[in-house]
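The values are calculated or read from the model by the stated rules, or taken from the named source; none is laboratory data. Just so it is clear, the structure is predicted and the values come from calculations on it, not from any experiment. Because the Cβ atoms are built from the backbone with ideal geometry, glycine has one as well, and the counts that use them run over all protein chains shown.
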Amino acid sequence: MKAVRYVGQKACRDREYQDRVGSPAIAVVDTLPKGANVTVNFELDGKPLMVRLTPRARDFLDLAVTVYITDEVAARSQAADFWSRRFDLVFPVHSPTTWQPMEVLLRRVLHTLSGDRYDFLWPERGPLPRARRHRARMPKAFDTVCLFSGGMDSLVGAYRLLRADRRVLLVGHQADGITAAAQKLLASKLRRLFPDQLHLIQTRVARSLSRTQRFSLPEKVEDSHRVRSFLFLGLAVTVAQAAGIDEVVMAENGLIALNAPLQPSRIGSLSTRTAHPLFMAQFLDFLADTGIYKGHLKNPLLYMSKTDMLQTTDARLRSLLPLSVSCAHTGDLRWLKMPGVKHCGYCVPCLYRRAAMAHVGLDESGHYGFDVLQNLRLLTRYKQSDFRALVAFAQRVTVASRVQRELIVLSHGAFSSELGARLGPSPAQDLSPWSDMLLRWARGFLDFVQARASASTKRILGVRRADRKAPRT
C-alpha cells in the first residue's frame with residue numbers, strides 16, 4: 001500500500017513526493033484547510049478549540065492521522081497471510097534529521113500494535129497554513145491528560161484522578177455517536193461532582209464529507225483498526241504537549257491491556273494490543289527519543305481486572321457506572337432498534353462488564369441487546385463464540401500452574417516486570433501482579449456463570465460445576 005502525506009504543491013520539492021501527489025493510484029492523505037479529505041477537529045466542552053503545535057508536534061499528529069486513515073484503505077484479506085500488510089509512506093516533515101534515525105523504533109511500535117510492516121521516506125517540507133483563529137484556547141493550570149473513551153475503565157480512571165484533587169483534561173475521540181454522547185454525558189456528571197477540575201476535549205478524525213476535496217481517498221475496506229490506539233494516544237499527547245502537561249493517563253484494566261488470546265489461533269496482532277505494556281513502553285520510547293514528548297504515560301489499572309477495579313467504588317461512582325459504554329459493537333447497535341440499549345451483550349467487553357457489574361450488584365440484563373446468560377441457545381453459533389471462548393479460557397487459567405499463567409501473560413510479547421514501575425501504579429518484582437490477576441478473574445468469572453446462567457446456557461458452555469481445583473505450582 002503506497003500513500004503520501006499532502007503538505008501542499010510548493011511546500012515539498014522532493015521528486016517522489018511530487019510523483020505520488022500526481023498519481024491517481026496513490027492514497028493522498030490531506031488535512032490542510034480548504035480541500036482536505038480528512039477532518040481533524042478539536043472541541044473544548046463543545047466549542048471549536050485551537051491547538052497550538054510546534055512543527056514537530058504537527059508532524060507527529062499528522063503521522064498518527066495518516067497511519068489511521070491508510071489502515072482503513074488496505075484490506076488485510078489481500079495480504080499473503082491474510083493479515084500482515086506492507087505500507088510505503090512518503091511523509092514530508094519539518095526536520096528529516098529528527099525522524100530518519102527514529103524510523104526503526106517507529107516501525108517496531110507499529111508492528112507490535114498491528115502486525116504490519118511500514119517503510120517511510122522523510123523529505124523536507126516547508127511551512128504549513130496557520131490554524132484558524134477565533135477559537136477557544138487551551139485551558140491552563142491543568143496537570144493531567146486522561147484518555148476518555150466513554151467506557152467504564154476510563155470513567156474509573158478519571159474519577160480516581162479527580163477524587164485525588166487532580167486537574168484533568170479528558171480527551172475523547174468521537175469514533176461513533178454512542179460513545180461520543182457517553183463522553184459528553186459522563187463529563188457533565190463528573191463536572192457537577194468536581195467543579196472547576198476538568199474540561200472535556202473531544203477530537204474527531206474522519207473522512208471529510210466536503211464535496212470540494214483536492215484528492216479522493218480510496219474506499220474504506222478494512223475495519224480491524226489495530227492502529228487506533230496510536231491515534232488515540234497521539235491525540236492525547238498532542239493535547240498534553242500543547243497544554244504543557246507532563247502526564248498522560250490511559251486507564252485500561254490489566255486484563256484487557258494484556259488481552260491474552262482466548263484461543264491459540266488469536267496469538268499476536270490478531271488480538272488487539274491497544275494498551276499492552278510492550279506497546280506502551282515502545283510508544284513512550286519513541287516519543288522521548290524524537291523529543292515529541294518528555295512526559296510520563298501511566299495506566300493506574302495495570303494490575304486489575306474490570307472486576308478488581310470496582311472493588312473500591314463509592315456511591316457517587318456507582319451511580320455513573322451504568323452510563324458508561326463498553327461494547328465492541330456500538331456502531332452496529334442501531335440495527336437492534338432497541339432505544340436506550342448501548343450494549344450487544346455477547347461480545348468480550350460486554351461479558352467482562354456484566355461479570356464486574358454483577359460483583360457489585362449493578363448487573364441488569366435489560367441493559368443488553370441479548371441476555372446470553374439466560375438465552376444463549378437463541379443466538380447463532382457466531383454470536384455464541386465469544387462467551388464459549390471466554391469460559392474455556394477461564395477454565396484453562398484456573399488449572400494452570402504459576403509458570404503457565406506467566407506464559408499466558410507474555411503471550412503477546414515478552415516484557416520486563418520493570419514496566420510496572422514505569423507504566424503502572426507501583427513497582428513489580430516479577431510477573432505475579434499480572435498472573436495473580438488472571439487467576440482472580442478466572443475464578444470469579446466462572447462463579448458468575450455458575451450463579452447466573454440458565455441450565456441450557458451452562459450445557460452449551462460445558463459448565464457443570466464451579467471449578468475449584470487448586471492450581472499446580
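Answer yes or no as to whether THR97 is buried (at least 21 other Cβ atoms within 10 Å of the Cβ) and modelled with pLDDT of 95 or more. Even if it seems obvious, please write down each step before you answer.
Working: buried (at least 21 other Cβ atoms within 10 Å of the Cβ): no; modelled with pLDDT of 95 or more: yes.
So THR97 fails the test.
Does ARG160 satisfy being assigned to a helix (DSSP H, G or I), in contact (Cβ under 8 Å) with a residue 12 or more places away in the chain, surrounded by fewer than 22 Cβ atoms within 10 Å (Cβ to Cβ) and in the same structural domain as GLU247 (by TED's automatic domain parsing)?
On the way: assigned to a helix (DSSP H, G or I): yes; in contact (Cβ under 8 Å) with a residue 12 or more places away in the chain: yes; surrounded by fewer than 22 Cβ atoms within 10 Å (Cβ to Cβ): yes; in the same structural domain as GLU247 (by TED's automatic domain parsing): yes.
When the stated conditions are applied, ARG160 passes them.
Inspect all residues belonging to the stretch 305-323 and state whether any of them is under 30 Å from GLN241 (Cα atoms) and assigned to a loop (DSSP other than H, G, I, E, B).
no
Out of the residues in the stretch 113-149 that are of a type in the set (D, E, K, R), more than 27 Å from the chain's Cα centre (by Cα) and surrounded by 14 or more Cβ atoms within 10 Å (Cβ to Cβ), which is modelled with the lowest pLDDT?
Taking the stretch 113-149 first, the residues of a type in the set (D, E, K, R) are 116-117, 119, 124-125, 130, 132-133, 135, 137, 140, 143.
Next, from what is left, pick out any that are more than 27 Å from the chain's Cα centre (by Cα): 124-125, 130, 132-133, 135.
Checking which are surrounded by 14 or more Cβ atoms within 10 Å (Cβ to Cβ) leaves us with 124-125, 135.
Numbers: GLU124: 98, ARG125: 98, ARG135: 76.
Only one residue fits best here, namely ARG135.
Matching residues to (1) modelled with pLDDT of 95 or more; (2) in contact with a Pro (Cβ under 7 Å, 6 or more places away or on another chain):
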{"site": "ASP14", "(1), (2)": "yes, yes"}
{"site": "ARG20", "(1), (2)": "yes, no"}
{"site": "ASN37", "(1), (2)": "yes, no"}
{"site": "PRO55", "(1), (2)": "yes, no"}
{"site": "GLN78", "(1), (2)": "no, no"}
{"site": "ASP81", "(1), (2)": "no, no"}
{"site": "ARG86", "(1), (2)": "yes, no"}
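State all residues of the stretch 170-201 that are in a strand (DSSP E or B) and either in contact with an Asp or Glu (Cβ under 9 Å, 6 or more places away or on another chain) or over 18 Å from PHE232 (Cα atoms) (or both); if no residue qualifies, say none. Before you say what the answer is, go through the steps one by one.
So the first thing to find is which residues in the stretch 170-201 are in a strand (DSSP E or B), and the list is 170-173, 198-201.
The answer is LEU198, HIS199, LEU200, ILE201.
How many of the residues in the stretch 359-396 are aliphatic (A, V, I, L, M), surrounded by fewer than 19 Cβ atoms within 10 Å (Cβ to Cβ) and more than 23 Å from the chain's Cα centre (by Cα)? It would help to see each step written out before you state the result.
Let us first name the residues in the stretch 359-396 that are aliphatic (A, V, I, L, M), namely 360, 362, 372-373, 376, 378-379, 389-392, 394.
With the extra rule that they be surrounded by fewer than 19 Cβ atoms within 10 Å (Cβ to Cβ), the set shrinks to 360, 362, 378-379, 389, 392.
After this cut, where a residue has to be more than 23 Å from the chain's Cα centre (by Cα) as well, the list is 360, 362, 378-379, 392.
So the count comes out to 5.
Could we say that THR212 is of a type outside the set (A, V, I, L, M) and in contact with a Leu (Cβ under 9 Å, 6 or more places away or on another chain) here?
Values: of a type outside the set (A, V, I, L, M): yes; in contact with a Leu (Cβ under 9 Å, 6 or more places away or on another chain): no.
Spelling it out, it is not the case that THR212 is of a type outside the set (A, V, I, L, M) and in contact with a Leu (Cβ under 9 Å, 6 or more places away or on another chain).
Could you tell me how many of the residues in the stretch 359-399 are part of a loop (DSSP other than H, G, I, E, B) and farther than 18 Å from VAL449 by Cβ? Spell out how you get there, then give the answer.
Of all residues in the stretch 359-399, those part of a loop (DSSP other than H, G, I, E, B) come to 360-364, 369-371, 379-380, 399.
When the remaining residues are screened for being farther than 18 Å from VAL449 by Cβ, the result is 369, 380.
Result for the stretch 359-399: 2.
Can you tell me which residue in the stretch 316-344 is farthest from SER154 (Cα to Cα), limited to those that are modelled with pLDDT under 95 and among the β-branched types (Val, Ile, Thr)?
Applying the filter and picking the extreme gives VAL341.
Here is a yes/no grid of residues against (1) in contact with a strand residue (DSSP E or B) (Cβ under 6 Å, 6 or more places away or on another chain); (2) within 26 Å of SER411 (Cα to Cα):
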residue: ILE69; (1), (2): yes, no
residue: SER84; (1), (2): no, yes
residue: VAL104; (1), (2): no, yes
residue: ARG108; (1), (2): no, yes
residue: TYR118; (1), (2): yes, yes
residue: ARG160; (1), (2): no, no
residue: ASP165; (1), (2): no, no
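Please go through the stretch 176-195 and pick out each residue that is over 18 Å from LEU317 (Cα atoms) and surrounded by fewer than 20 Cβ atoms within 10 Å (Cβ to Cβ).
At the first step, the residues of the stretch 176-195 found to be over 18 Å from LEU317 (Cα atoms) are 176-181.
Matches in the stretch 176-195: ASP176, GLY177, ILE178, ALA180, ALA181.
Condition check ((1) part of a helix (DSSP H, G or I); (2) closer than 22 Å to LYS10 by Cα) across all residues:
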| residue | (1), (2) |
| --- | --- |
| LEU53 | no, yes |
| ASP62 | yes, yes |
| SER77 | yes, no |
| ALA80 | no, no |
| TRP83 | no, no |
| VAL104 | yes, no |
| VAL109 | yes, no |
| THR112 | yes, no |
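Considering only the stretch 140-176, state which residues are closer than 23 Å to TYR352 by Cβ and out of contact with any Gly (no Cβ under 9 Å at 6 or more places or on another chain). Spell out the reasoning first.
To start, the set of residues in the stretch 140-176 that are closer than 23 Å to TYR352 by Cβ comprises 146-161, 170, 172-173, 175-176.
Result: GLY151, MET152, ASP153, LEU155, VAL156, GLY157, ALA158, TYR159, ARG160, LEU161, LEU170, HIS173.
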